[in-house]
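Read the structure below first, then the notes.
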Amino acid sequence: MGQTFSEKVLGRKAGKAVRAGEVVVVAPDFYLSHDNSAAISKEFRKLGVKAVKAPGKIVIVLDHIVPAASEEYAQNHKTVREFVAEQGLPNFFDIQYGVCHQVFSEQGFALPGKLIVGSDSHTTTYGAFGAFAAGIGRTEMACLWATDEIWLRVPETVRIEFRGKFQPPVAAKDAILRIIGDNGADGADYRAVEFGGPAAGEFSLAGRMLLANMAAEFGAKNGYFEPDVTTLEWLKDRARAEFEVVRSDPDAHYEKAFSYDLTVLEPQVACPHKVDNVRPVRAVAGKRIHQALIGTCTNGRLEDLEAAARILRGGKVHPQVRALILPASAEVYRAALKTGLLEVFAEAGCVILNPGCGPCLGAHQGILAAGEVAITTSNRNFRGRMGSRDSEIYLASPATVAASALTGVITDPRTIS
Amino acid sequence: MSKGRVWKYGDDVNTDVLFAGKYTYAALEPAEMARHALEDLDPEFAKAVKPGDVVVAGKNFGCGSSREQAAACFKYAGVAAVIAKSFARIYFRNAINLGLPVVQSVEAVDALETGDEVEVDFSAGELRTNKGTFRFAPLPEAVLGILAAGGLIEYTKQKLAAGAK
C-alpha cells in the first residue's frame, strides 16, 4: 500500500517509514510565531538555555495588534524586538509587513515538502504550497526553540475532490464554507485534509491558501494541495531554500473521501456562533448588518480585494454600515494601491486599515457593541470574538460581504447587477 | 485525590469563549487569567469555580485558536481536569504541555451533569462519580512523560540536563 503525503513528509523527518497513528519526534524546517513570541520568550527563559538552537528556522512576524493599541501591547512588541536582537534572529518581520501567514508565504518559507509548525492555529495555510504545516502551542514553541525537536502524531488523511467550474461570483470561500457545514467543526479533527481532483486547478493560490487556512476550522491538523505549475512559478523568485515536491502515492490509504461539484455551488454564509452553522446566503438575506470586514489572512489577497471592488466600484457603502478593508500584507496593499483598488474602496466610503489581524480577533480597529451584527470574510464567528458577547458574526466571501456593505443587509451577490 | 464538582457544557466549546482574544496580550498574571476563564460562555464560572472542580463537555473541546491561555486559565482557576467526548488537537497538546489533565470519555460525559461529583484516578484510568464509575483509555505513551514531569517545560529541562552530562 502506498503512502500519503503526510506519512512521507513525517517519515523522511523521522528517518523511517511511518504510518498514520504513529508518534514521531522530528526537527521541523521552519517555525512561525507572532506577537506571542514575547510570551514564548518568557517560557524559553525558564529552560535555562542561553541561545536558541536553530536561529535560521525561527520566523517571527508582528501582526496581531499592530501598530500597538495600548501600552501593554507596546511592551509586548518591545520584548519581542529585544529578544530578536539578543538572539540574532535573521527572520524577523516587524509591524509593517502584514499578517504572518501571508508574509511567511510571500517571503518564501512556505515550500513544498517542508515540515512547518507555528504557534497559530492557521499555520495550516502553507499546505497550499504543498508543505506539511500544523499549529502548535506556545510552551512547545519555547521548547522547540531550545531543542529543535517536537513530537507529532502522523495523521490519517481525508481526501476532498473537486469537479465542475465556479459560477462567479461564487468562489473558493463558498466552497470551504459548504465543506465545513457538511462535515462539522470537528469533521477532520486530528486529520490531514488533501484537496484535489479534476477541478483543483479552479483554485488560484489565494484560493488554496484560503482552503488550507480554513481546514483548521474543521479540526484538521494540516491541509494540502499538490503543487503544480502555478505553485512553482510563484515560488521561483521567492523560495528561501531548496525544496522537493512530495505527493501522495496513487494507492495511498484515505480514511474518507468526498467529492464536490463547484458548478452547482451557490453563495454560502456561516451563521452565529459556529463556523459549521452554514446556510445558503439567500436563506438569511435581508438580515441587517452594522459592520462589513473585507480582508484578513483568510480573504485579504489581491483577487479577494478585486472581487469586492467589482461590486463596490461606483457605489456607496450603506450609510449605517462601517465597511473595513484589511489587506493581508503590505505587498497586497501596494498592489491594490497600484491597480486602483484602494481608490475604489475609498470612493465607496470604506475605511482602509493597515495590514494585520485587525478586528478579526477583537483586539482593536473595529470592535462590535452589544446587539451589533458583522459580516466578514475572516475565518471565525465564535461568540464574542470581535467584541461584545452579545454581537453576531456571519462569515462569507468577499463578493457577499461587499454586496451586503452596499445594501446594509445580508445580500446574495448574484442579485447585485 | 480530591473530589471535584462538575461544570457541564456542550459541544465545540471554543478558545474564544474559553479565553477571549481581547485579553490574550493584556491579561498576563495567573489570577487575572483565571478571572476571565470561560467568560463568554458562562460568566458565573470564574466567580464560583473552586480548586478541584472538573469541567465536563461534549465533542471538539477547545476548538479554534492555538492560544494556550485557553488551557492555562483553567489551570490557574484550579480546575483538576477537563473531561470531554473529544478534544481539538492543539488544545489537547496545550493542556498536556501545561500539566492540565485531559480525559476522553463519551459515557462519563453523557452521564454527568453540573453539580455532580467526580474523582479522577489517572493511575487506575477511572472516573469515580455519584453516577457510577467510568474507565478511560490511558494517554499515549509519548505524552505520559510530559505529564509525569509536570509539564513540557520541566520535561525539557530534565532532557536538556541529561543531554548536557
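So here's what we get for this one:
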{"item": "Residue among B:Val109, B:Val102, B:Val120 that is touching a residue at least 12 places away in the same chain (Cβ under 8 Å), touching a helix residue (DSSP H, G or I) at 6+ places or on another chain (Cβ under 9 Å) and either of a type outside the set (Ser, Thr, Tyr) or within 14 Å of chain A (Cβ to nearest Cβ) (or both)", "result": "B:Val102"}
{"item": "Lone qualifier among A:Ala172, A:Ala220, A:Ala215 - being under 25 Å from A:Ile116 (Cα atoms) and touching a Leu at 6+ places or on another chain (Cβ under 6 Å)", "result": "A:Ala172"}
{"item": "Exclusive hit being closer than 19 Å to A:Leu361 by Cα and more than 10 Å from chain B (Cβ to nearest Cβ), set A:Leu10, A:Leu62, A:Leu89", "result": "A:Leu62"}
{"item": "Matching residues, the range A:24-49, being surrounded by fewer than 18 Cβ atoms within 10 Å (Cβ to Cβ) and touching an Asp or Glu at 6+ places or on another chain (Cβ under 8 Å)", "result": "A:Val25, A:Ala27"}
{"item": "Per-region count, the range A:365-406, residues at positive phi and either in contact with an Asp or Glu (Cβ under 9 Å, 6 or more places away or on another chain) or facing chain B (nearest Cβ under 10 Å) (or both)", "result": "3"}
{"item": "Helices (runs of 4 or more DSSP H) enclosed by the range A:266-332 - at least 3 residues per element that are modelled with pLDDT of 95 or more and of a type in the set (A, V, I, L, M)", "result": "A:281-284, A:302-312"}
{"item": "Qualifying positions in the range A:158-187 - touching a strand residue (DSSP E or B) at 6+ places or on another chain (Cβ under 8 Å), among the β-branched types (Val, Ile, Thr) and closer than 19 Å to A:Pro198 by Cα", "result": "A:Val158, A:Ile160, A:Ile179"}
{"item": "A:Glu140 being more than 26 Å from A:Ala270 (Cβ to Cβ) and either without any contact (Cβ under 8 Å) to a residue 24 or more places away in the chain or within 14 Å of chain B (Cβ to nearest Cβ) (or both)", "result": "yes"}
{"item": "Close pairs from the range A:188-206: first under 19 Å from A:Glu156 (Cβ atoms) and outside the structural domain of A:Val246 (by TED's automatic domain parsing), partner surrounded by fewer than 19 Cβ atoms within 10 Å (Cβ to Cβ) and not hydrophobic (A, V, I, L, M, F, W, C), Cβ under 6 Å, at least 6 apart", "result": "none"}
{"item": "Counted residues, the range A:157-171 - those being touching a Gly at 6+ places or on another chain (Cβ under 7 Å) and either surrounded by fewer than 18 Cβ atoms within 10 Å (Cβ to Cβ) or within 14 Å of another protein chain (Cβ to nearest Cβ) (or both)", "result": "2"}
{"item": "Pick from the range A:97-150, criterion of a type in the set (Val, Ile, Thr) and part of a strand (DSSP E or B), ranking: modelled with the lowest pLDDT", "result": "A:Ile150"}
{"item": "Meets criteria (within 14 Å of chain B (Cβ to nearest Cβ), surrounded by fewer than 20 Cβ atoms within 10 Å (Cβ to Cβ), more than 21 Å from A:Asn277 (Cα to Cα) and not small (Gly, Ala, Ser)) for A:Gln320", "result": "no"}
{"item": "Residue that is farthest from A:Gly196 (Cα to Cα) [pool: residues in the range A:100-115 that are more than 14 Å from chain B (Cβ to nearest Cβ) and among the hydrophobic types (A, V, I, L, M, F, W, C)]", "result": "A:Val103"}
{"item": "Tally of residues being surrounded by 18 or more Cβ atoms within 10 Å (Cβ to Cβ) and either among the acidic types (Asp, Glu) or more than 11 Å from chain A (Cβ to nearest Cβ) (or both) across the range B:140-165", "result": "1"}
{"item": "Answer from A:Ser397, A:Ser404 - the residue that is out of contact with any Lys or Arg (no Cβ under 8 Å at 6 or more places or on another chain) and of a type in the set (Ser, Thr, Tyr)", "result": "A:Ser404"}
{"item": "Filtered residue count, the range A:73-96, keeping only those that are more than 26 Å from the chain's Cα centre (by Cα) and either of a type in the set (Asp, Glu) or part of a loop (DSSP other than H, G, I, E, B) (or both)", "result": "3"}
{"item": "Total residues in the range A:351-364, condition of a type in the set (A, V, I, L, M, F, W, C), out of contact with any Asp or Glu (no Cβ under 6 Å at 6 or more places or on another chain) and either buried (at least 24 other Cβ atoms within 10 Å of the Cβ) or modelled with pLDDT under 95 (or both)", "result": "3"}
{"item": "Residue list for the range B:73-91, restricted to those being within 13 Å of another protein chain (Cβ to nearest Cβ) and either without any contact (Cβ under 8 Å) to a residue 24 or more places away in the chain or crowded, with 24+ Cβ neighbours inside 10 Å (or both)", "result": "B:Ala84, B:Phe87, B:Ala88, B:Arg89, B:Ile90, B:Tyr91"}
{"item": "Some residue of the range B:49-70 being assigned to a loop (DSSP other than H, G, I, E, B) and within 9 Å of the chain's Cα centre (by Cα)", "result": "no"}
{"item": "Single residue of B:Ala77, B:Ala137, B:Ala142, B:Ala81 found to be among the small types (Gly, Ala, Ser), over 15 Å from the mean Cα position of the chain (by Cα) and farther than 25 Å from A:Ala134 by Cα", "result": "B:Ala137"}
{"item": "Pair list, Cβ under 6 Å, 6 or more apart: the range A:329-345 residue closer than 21 Å to A:Leu62 by Cα, other residue among the β-branched types (Val, Ile, Thr) and at pLDDT 95 or above", "result": "A:Ser329/A:Val103"}
{"item": "Filter result for B:Ala31 (of a type in the set (Gly, Ala, Ser), within 14 Å of chain A (Cβ to nearest Cβ) and either in a helix (DSSP H, G or I) or under 10 Å from the mean Cα position of the chain (by Cα) (or both))", "result": "no"}
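The values are calculated or read from the model by the stated rules, or taken from the named source; none is laboratory data. Predicted model, so just to flag it, every value in this text is computed and none were measured. Reconstructed Cβ throughout: ideal geometry from the backbone, glycine too, with neighbour counts over all protein chains shown.
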